[in-house]
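See below for the structure under consideration.
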Amino acid sequence: MKLKKNIATSEAGFIFNPATGDSFAANPLAADILARAKAGLDAAAIKADILERYDVAPGQLEKDWDDLLAQLREFNLLD
């Protein structure tokens with residue numbers, strides 16, 4: 001997952017695309033994922049950390065991960 005360089009995010013879950021003026025709100029876990037992705041962590045490292053910190057089955061994580069990526073693609077936030 002690689003966010004476009006111009007996409008602004010906050011710890012509170014605010015996402016802003018300055019190219020379009022669109023803004024979005026992410027839940028706390030999604031905001032954490034985006035912050036880690038912007039910091040350069042790869043998907044495998046982020047997922048491993050989530051599995052360690054949260055009570056979630058690997059299959060559910062994969063489904064939710066795919067849903068998040070689909071939404072980010074739909075809103076043109078990924079490179």
- Message: When you scan segment 67-79, do you find a residue that is surrounded by 12 or more Cβ atoms within 10 Å (Cβ to Cβ), of a type in the set (S, T, N, Q) and without any contact (Cβ under 8 Å) to a residue 40 or more places away in the chain, even just one?
- Response: yes
- So which helices (runs of 4 or more DSSP H) stay within the chain end to end and still have 1 or more residues that are touching a strand residue (DSSP E or B) at 6+ places or on another chain (Cβ under 9 Å)? 28-38, 58-74
- Output the residues belonging to segment 36-61 that are more than 13 Å from the chain's Cα centre (by Cα) and either of a type in the set (D, E, K, R) or open to solvent by 80 Å² or more (accessible area, probe 1.4 Å) (or both). Asp49, Glu52, Arg53, Tyr54, Asp55, Pro58, Gln60
- Message: On the basis of being open to solvent by less than 60 Å² (accessible area, probe 1.4 Å), touching a Phe, Trp or Tyr at 6+ places or on another chain (Cβ under 9 Å) and of a type in the set (A, V, I, L, M), does Ala25 make the cut?
- Response: no
- Message: Any residue in segment 7-35 that is among the hydroxyl-bearing types (Ser, Thr, Tyr) sitting within a Cβ distance under 6 Å of a residue that is surrounded by 12 or more Cβ atoms within 10 Å (Cβ to Cβ)? List the pairs, counting only those 6 or more apart or interchain.
- Response: Thr9/Ile15; Thr9/Leu34; Ser23/Phe16
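The values are calculated or read from the model by the stated rules, or taken from the named source; none is laboratory data. None of the values given here were measured: they were computed from a predicted structure. Methodologically, a virtual Cβ is constructed for each residue, glycine included, from the backbone with ideal geometry; neighbour enumeration extends over all protein chains shown. Quick note on the areas: whole protein, heavy atoms, side chains included, nothing else; ligands and nucleic acids left out. Shrake-Rupley method; radii C 1.70, N 1.55, O 1.52, S 1.80 Å.
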